[in-house]
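In what follows, a single structure is set out as structure tokens and then discussed.
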Amino acid sequence: MKNKLLIIIGIVLILVIGIGIGVYTARFGLFSGQEARQPKAQKKEDLEKKNNLLVKDDFSLVLPKGWKEAPSPSGISAMVVNAEEKISDIAAKKINFRSYFSVKYDTLNGRNKEEYIEFIKKTLIQAVPGITFIYEEPATINNKDVYFIEAEVTQQGVDFKILISLIRGNEDDAWILSFNTTKANWPEYKDVFYQIARSFRVK
């Protein structure tokens with residue numbers, strides 16, 4: 001991992017959020033709404049049959065085939081990288097970018113639903129000038145309230161697409177899942193990212 005190219009992780013970890021896009025080489029009665037988007041390519045149950053589970057002390061989720069867990073930066077609970085990804089974007093190749101997702105534990109810290117969502121968004125805007133939020137959706141997954149945010153940003157000459165999943169944990173706990181890829185690869189990964197988010201289970 002090249003520290004200079006950690007676009008959000010390094011900055012936002014300092015602010016105790018822990019989501020991001022970057023370079024890797026090799027809560028709530030809170031969020032209420034309808035069930036999240038149904039994946040087009042395959043159902044969650046099919047994904048779980050064809051892939052492995054990533055099991056941690058506090059949570060588990062589906063780990064897609066070909067994706068590898070990598071050493072996580074301090075403050076990140078898990079980092080998973082598509083190490084075998086074939087990148088066609090020339091600018092992305094120059095910075096050795098690989099699509100990945102990360103999991104970060106957080107707390108509401110006294111905030112209600114609206115305040116927490118706004119805190120996340122405002123912090124990202126301050127940390128990453130030019131980031132644009134293009135889609136937001138409340139959902140319910142595994143009996144947990146969730147809030148999805150899709151965003152775009154251009155860094156180092158690369159157009160990135162981000163999916164952020166804010167998931168209610170136990171009591172005041174929250175979990176932030178950040179899925180990151182190039183904008184060109186978003187159509188390929190979109191359904192997979194939502195499927196992974198739907199597989200997330202808090203222990």
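Taking the stretch 51-64 as the range and being farther than 16 Å from Gly169 by Cβ and either modelled with pLDDT of 85 or more or part of a strand (DSSP E or B) (or both) as the test, the residues that pass are Asn52, Leu53, Leu54, Val55, Val62, Leu63, Pro64.
Quickly run through the stretch 105-117 and pick out the residues that are within 26 Å of Ser72 (Cα to Cα) and of a type in the set (D, E, K, R). I'd like the intermediate steps shown before the answer.
Just the residues of the stretch 105-117 that are within 26 Å of Ser72 (Cα to Cα), to begin with: 105-109, 116-117.
Asp106 - this is the single residue of the stretch 105-117 that is within 26 Å of Ser72 (Cα to Cα) and of a type in the set (D, E, K, R).
The single residue among Ile120, Ile134 that is at pLDDT 85 or above and touching a strand residue (DSSP E or B) at 6+ places or on another chain (Cβ under 6 Å) turns out to be Ile134. In the stretch 93-104, the qualifying residues are those that are crowded, with 16+ Cβ neighbours inside 10 Å and of a type outside the set (A, V, I, L, M, F, W, C), and the one that is farthest from Asp159 (Cα to Cα) is Lys104. Counting the residues of the stretch 80-117 that are at pLDDT below 90, touching a helix residue (DSSP H, G or I) at 6+ places or on another chain (Cβ under 9 Å) and of a type in the set (A, V, I, L, M) gives 3. Of the residues in the stretch 68-88, how many are out of contact with any Phe, Trp or Tyr (no Cβ under 8 Å at 6 or more places or on another chain), outside any strand (DSSP E or B) and not polar (S, T, N, Q)? Total satisfying the criteria: 7.
The values are calculated or read from the model by the stated rules, or taken from the named source; none is laboratory data. Treat the numbers as computed from the prediction; the structure is a model and nothing was measured. Cβ coordinates were reconstructed from backbone atoms using ideal geometry, including for glycine residues, and neighbour counts include every protein chain displayed.
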